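Some notes on the structure that comes next.
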Amino acid sequence: MAFPRQIPYLRFLTLLWGAYAAVWLALEGAPGRDLLLAAWGVALLALAGAARTVGRRRLSAGQVVALAGAVGLAAGAAVVPAALAAMALKTGLHAHGPEYTAAQIAAVWAQWPLWLIAGGVAGVGLGLVALGWGARRQDGSKP
């Protein structure tokens, strides 16, 4: 399977993320919104990075699934630190005292193993979907 150099709809999803980030910045702190911002941003970076790194190369089915799983694990591992950085940024920009309690920060940090597993599973799942999509395209059927 040839890995695509460009991910469909990536530019549109990035614009939506930017709009969400603008709205997120104006709202008061909520860890769920911070995690959504971080997960979405990390996923966009992971997809763009994978396409740029291995785009237009032919990969075997095993390589596609292994690459997708590894990228998913790395992205999952990056979600919580990105969310904590977003929380720190928002606290610094709003400048009206602490935006988050210590319990909220600890709760986000405690989710790190969950995001690691979710990223790996999502990566393998997307790799399998990409394989299926690539097989359908080679058969001449519409994706």
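None of the figures in this text is laboratory data; all of them are computed from the coordinates on show. Quick caveat, the model's predicted, so the values are computed rather than measured. Heads up, the Cβs are rebuilt from the backbone with ideal geometry, glycines too, and the neighbour counts pull from every protein chain shown.
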* Give G49, G69, G76, G32 a once-over and let me know the one that is free of Cβ contacts under 8 Å to residues at least 40 places away in the same chain and within 14 Å of the chain's Cα centre (by Cα). => G49
* Scan segment 6-47 for residues that are small (G, A, S) and surrounded by 16 or more Cβ atoms within 10 Å (Cβ to Cβ) and jot them down. => G29, A38, A39, G41, A43, A46
* What are the residues in segment 92-117 that are closer than 15 Å to V80 by Cα and of a type in the set (V, I, T), if any? -> I105, V108, I117
